[in-house]
Each structure stands twice: as structure tokens, then as C-alpha cells.
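First comes the structure, then the notes that go with it.
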Amino acid sequence: MKQEKSEGRTITEVVKDLEAQQKKNKVVNPVLQQVLEQVAAVQTRMSRVKHKIAVMSGKGGVGKSSVTVNLAHSFAARGYKVGILDVDLSGPCIPKMMGVRDRALKITAEGAQPAIGVNGIKVASMELMLPDEGSPVMWKGLWEDSAVWRGTVEMSVIREFISDVNWGPLDLLLIDMPPASSDKPPIISQMIPDLDGAVIVTIPSEISQFIVKKSVVFLSRELKIPIIGLIENMSGAICPHCGEALELFEDASHGESPLQKMGLPLLGRVPFDRRIASCADQGRSFVDEHPLTPAAQAFRIITDSLQQHIESRRPS
Ligand SMILES: Nc1ncnc2c1ncn2[C@@H]1O[C@H](COP(=O)(O)OP(=O)(O)OP(=O)(O)O)[C@@H](O)[C@H]1O
Ligand SMILES: [Mg+2]
């Protein structure tokens, strides 16, 4: 897909303008001051992270988090120092999938230290800041009455959270996003400098492809986030009894999908394998434990393409 040149203003540019206005009017806006500090903190921290890929979709439940953790393990197996940022505030599940649910983020003078999971993968999630595992991620107060207020509070929580995490040096940060129709992608594209791009997870159903098409347009045209490619998850299944390949979705023709017709490269198709779900539930690495399965092979093929993409974009 032809990527448009980024013309959208980054948060740094917006902040620069506001700073200039602040100087001119000789007033210090405390909220702006806080945003400035957060942006500066993120930029410093992110300068130690070589590559950043966001994992997105237009619909919930299509397997973004599962894809994120399996890609993280595949990259770690290739010697990459990997981190996962879980931006999902309403249903964060990366800590469980990475087996770090009991490890609260340690707050030090340098910031919040990510939890370290299987294969040395660093994990930061709002869930790891909650008092106990049963606590819902929510804030009570005025915002219960107003969607706008709720959105504003959420945004500032995400901004504060991103700026607080001290990743240290990383080769790759994978960002597990809530569905792209939400208001979270803008803040990610503004806060995280030099995003290598996004991978879009979809499933082979027409409705999912239709919704994903909308979010692809939103991400690439409105937010100028480069789309690296598409991952089709739950793309058929292998019968555990007879080994026969089954289609999970009616009319799931493996021809060119509406998304591929838009020019998006298909990075790979991951079949349904119930061991992906059971490994995730137990915080174990599916790709390491079942390396010979078609699904693990698909994750390796996707990792090959992503590795090629990021390394050719900015040699490390
Ligand atoms: N290829 C697969 N084979 C078997 N189970 C899968 C596969 N992909 C995902 N799952 C399971 O489907 C469920 C939803 O997956 P997941 O949580 O990764 O989706 P999501 O897109 O991150 O959801 P959300 O939008 O809520 O964040 C989980 O139980 C997961 O284990
Ligand atoms: Mg998820």
C-alpha cells in the first residue's frame, strides 16, 4: 500500500507551538507543563528502543494479544531484546499470557520497571499497577456521567503510563492495542516517536474484513501510521483427531481478501490451534513449546517478514 508522507502534526510540534504561545503571553500552563515533561520523558526512553510495532485490528477478540505474545517469543528466539506494552485499559490480558500477573511494576526513581516474563520479555501493563488481580481497571468519579470526561481521563492515564515506564535498551517494542476504532491510536502515534508501523490482525469473516478496512483507512490516512501488513488469524484449523484442514468461517475463500485488494501485504495466516489458547491461559510460549505445528510455522514466517521490514527500514 502506498504510504502517505506524514503531514500530521506530532505532539512535539503541537507542544512547541503552545510553548511559543506560552512564552509570548508569559503564562505557565501547569497542564501543558506536565504534558511537556511527559513527552520529553517518552522521547528519552524511546531513544533506547530501536524498533516499535503496534499490533492493531478493527474488531475485538480477533487475536491481537495472542499474535503479540507469539511474535514477541519468536523475536526473542532470534536474539532480540523484546518488550510488550499493553495499552488495553478495559481488558488487559498480556500479563496473564506472559505469566507475569503476580509481578507488580516496581516504581523506582528512574520510573516504573517492567515485569520480566518468559524469554526475558519485558512487560508493562496497567494491570500490573492494580492492587490485586481481581481489581477492574477503572476510575470512579465525575467521568461516570460523561463519555468525554472519561475519554480525557483515559488519555491522560495512558500518556502518564507510557511516559513512566523505563524500558531500558530494547531491540523491539510491540504495542498491543485496543480496537482501532477507539480513540487510543492517535495518542500512540503522537506519543511514540518513530513507530515502524502497525500490523493489522483480522479473521477470515466478511464482517471483520469490512470493519478492518475502515480502521486501515483511519490509521493510514488520518493518523499517518504506516501499515506493514496483515495477519489473518484463525485462518482455518487442523482437526486434532484426523489432521484434516477445516475452514472455521463459511466462504472463507483463500483468494485475495478486500484488504489485500487495498494493496496490503499478507504477512501470514495463523490457523486456529487450541494450544495457542491453553498456552496463553498458562502464561507459556506456544511457539517454543509446539514449534512443529502449522501455527508456529506461520508465526515464524510472519516474524521473517517483520524482521526484514524493520531491519531494512532502519539498520541497527
Ligand atoms: N489462532 C488461535 N487459535 C486458538 N485460539 C486463539 C487463536 N487466536 C486467539 N485465540 C484465543 O481467542 C481468544 C481471543 O484472543 P485475544 O485475546 O488474543 O484477542 P484480542 O484481539 O487481543 O482481544 P481484545 O480485543 O479483547 O483485546 C483468546 O482466548 C485466545 O487464546
Ligand atoms: Mg487483546
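Hey, quick one: spin label on Asp288, modelled 7 Å out along Cα-Cβ, who in region 55-71 has an amide N within reach, i.e. under 20 Å? Under cut-off, by backbone N: 65-71.
Listed cross-link partners Lys23/Lys106; Lys50/Lys214; Lys23/Lys122; Lys96/Lys214 are compared with a 32 Å cut-off, the Cα-Cα value being larger for Lys23/Lys106; Lys23/Lys122. Under the simplified labelling scheme, the Asp102-Ile301 pair shows an inter-label distance of 3.9 nm, with each label point 7 Å from Cα along Cα→Cβ.
Summarising the label geometry, the points placed 7 Å from Cα in the beta-carbon direction at Gln34 and Ile116 lie 3.3 nm from one another.
Counted by neighbouring Cβ atoms within 10 Å, the residues Met46, Met177, Met56 run from fewest to most as Met46, Met177, Met56. Per-residue packing, averaged as other Cβ atoms within 10 Å, sorts the ranges 284-291, 295-302 into the order 295-302, 284-291, beginning with the highest. Extension gain for Ala277-Glu19 works out to 88.0 nm (0.36 nm per residue, less the C-alpha to C-alpha distance).
Among Cys93, Cys239, Cys279, the order by Cβ neighbours within 10 angstrom, fewest to most, reads Cys239, Cys93, Cys279. Each of Phe75, Phe161, Phe272 has some number of other Cβ atoms within 10 Å of its Cβ, and from fewest to most they run Phe272, Phe161, Phe75.
All of the numbers you see were taken from the coordinates with simple rules; none came from a lab. Because the structure is predicted, anything quoted here is derived from the model rather than measured. With ideal geometry, Cβ positions are generated from the backbone for all residues, glycine too; neighbour counts draw on all protein chains shown.
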